[in-house]
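J.: This is the structure I want to talk about, given as structure tokens.
Every number in this text was worked out from the coordinates using simple rules, so none of it is lab data. The shown structure was predicted, so the numbers you read here are calculated from the model rather than taken from an experiment. Positions of Cβ are backbone-derived with ideal geometry, glycine not excepted, and every protein chain shown enters the neighbour counts.
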Amino acid sequence: MTGNLKANLKEVQDSIEKEGSGRKVLLVAVSKKQPVKKIEELFRLGVQDFGENYLQEALEKQEQLQELAIRWHFIGTLQTKKIKDIVGRFHLIHTVARSTELEKIERVAKSIDCIQDVLIQVNIANEESKNGVRPNDLHELLERGSLLKQVRIRGLMFFPPASDSEESSLRWFGKAQQCFLAAQKKQAPEFDTLSMGTSGDFHLAVRQGATHVRVGERLLGPR
């Protein structure tokens with residue numbers, strides 16, 4: 001198993017380096033529904049950041065792997081009722097989309113005396129089937145978030161429309177990058193994260209400025 005993971009990791013890292021021209025890009029290994037053994041082996045190969053979609057599964061893995069210095073990312077749909085169990089347990093929450101979520105994170109973070117880093121998920125194509133703030137409403141949400149003390153908005157997350165066309169994917173990632181850069185001009189210096197790209201298109205996301213890519217089966221194999 002290690003041999004396959006090592007080869008997969010090299011392939012992904014080589015692609016990131018090529019498309020990013022040596023620019024530093026953080027690889028988040030999407031480990032949902034993957035066995036703990038694979039996560040542990042990939043960590044031993046140098047990957048520190050792992051993304052989970054489902055809270056209960058993530059908490060179980062955190063318990064089993066607590067001796068490893070893993071940085072856990074929450075990348076699943078955010079449910080308000082579960083925020084109390086997410087805050088403080090994840091290095092970065094990628095999927096905040098509403099002011100009510102920011103406010104709940106603020107209250108929970110204050111109660112446990114922590115600063116929680118988050119990303120705002122943007123529905124760049126205004127797709128009905130996807131979560132995320134609409135681009136036209138992003139500025140207002142960021143303004144509200146800037147008033148909070150226990151929440152630190154680190155940037156934006158995008159999950160653009162699926163496409164079989166490289167040209168179309170590049171266009172959507174380009175729009176996402178423009179949205180990020182426009183928002184960045186009005187935010188604090190720590191607003192530095194552009195999370196986009198998955199197993200099938202992460203190389204294109206890197207080409208368009210992604211700082212974080214979320215790679216699952218391409219890295220860890222079939223679930």
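J.: Look at segment 45-82 and say how many of its residues are touching an Asp or Glu at 6+ places or on another chain (Cβ under 7 Å) and more than 18 Å from residue 34 (Cα to Cα).
T.: Residues that pass the stated criteria total 2.
J.: Name every residue in segment 199-221 that is in a loop (DSSP other than H, G, I, E, B), more than 17 Å from residue 73 (Cβ to Cβ) and of a type outside the set (Asp, Glu), in order of residue number. Write out each step before concluding.
T.: Kept after step one, since they are in a loop (DSSP other than H, G, I, E, B), are these residues of segment 199-221: 199-201, 208-211, 216, 221.
Those left that are additionally more than 17 Å from residue 73 (Cβ to Cβ): 200-201, 208-209, 221.
Selection gives 200, 208, 209, 221.
J.: Looking at segment 180-194, which of its residues are crowded, with 17+ Cβ neighbours inside 10 Å and within 13 Å of residue 212 (Cβ to Cβ)?
T.: Matches in segment 180-194: 180, 193, 194.
J.: Within the bounds of segment 83-102, is there any residue that is among the hydroxyl-bearing types (Ser, Thr, Tyr), within 23 Å of residue 133 (Cβ to Cβ) and touching a residue at least 24 places away in the same chain (Cβ under 8 Å)? Can you show your working first?
T.: Residues of segment 83-102 among the hydroxyl-bearing types (Ser, Thr, Tyr): 95, 99-100.
Keeping just the survivors that are within 23 Å of residue 133 (Cβ to Cβ) gives 95, 99-100.
Next, only the ones that are touching a residue at least 24 places away in the same chain (Cβ under 8 Å) stay: 95, 99.
Looking through segment 83-102, at least one residue is among the hydroxyl-bearing types (Ser, Thr, Tyr), within 23 Å of residue 133 (Cβ to Cβ) and touching a residue at least 24 places away in the same chain (Cβ under 8 Å).
J.: Sticking with this structure for a sec: Please specify each residue of segment 36-60 satisfying the condition of being assigned to a helix (DSSP H, G or I), crowded, with 16+ Cβ neighbours inside 10 Å and β-branched (Val, Ile, Thr).
T.: 39
J.: So residue 68 ticks every box in (1) surrounded by fewer than 18 Cβ atoms within 10 Å (Cβ to Cβ); (2) assigned to a helix (DSSP H, G or I); (3) touching a residue at least 12 places away in the same chain (Cβ under 8 Å); (4) not basic (Lys, Arg) but one. Which box is left unticked?
T.: (2)
J.: Can you pull out every residue in segment 75-111 that is part of a loop (DSSP other than H, G, I, E, B) and either among the polar types (S, T, N, Q) or surrounded by fewer than 21 Cβ atoms within 10 Å (Cβ to Cβ) (or both)?
T.: Kept after step one, since they are part of a loop (DSSP other than H, G, I, E, B), are these residues of segment 75-111: 75-79, 87-91, 97-98.
The answer is 76, 77, 79, 88, 89, 91, 98.
Rundown of residues vs (1) without any contact (Cβ under 8 Å) to a residue 40 or more places away in the chain; (2) part of a helix (DSSP H, G or I), yes/no style:
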{"site": "124", "(1), (2)": "no, no"}
{"site": "173", "(1), (2)": "yes, yes"}
{"site": "194", "(1), (2)": "yes, no"}
{"site": "197", "(1), (2)": "yes, no"}
{"site": "223", "(1), (2)": "no, no"}
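J.: In the list 33, 18, 24, which residue meets the criterion of being part of a helix (DSSP H, G or I) and surrounded by fewer than 17 Cβ atoms within 10 Å (Cβ to Cβ)?
T.: Numbers: 33 fails: part of a helix (DSSP H, G or I); 24 fails: part of a helix (DSSP H, G or I).
The conditions single out 18.
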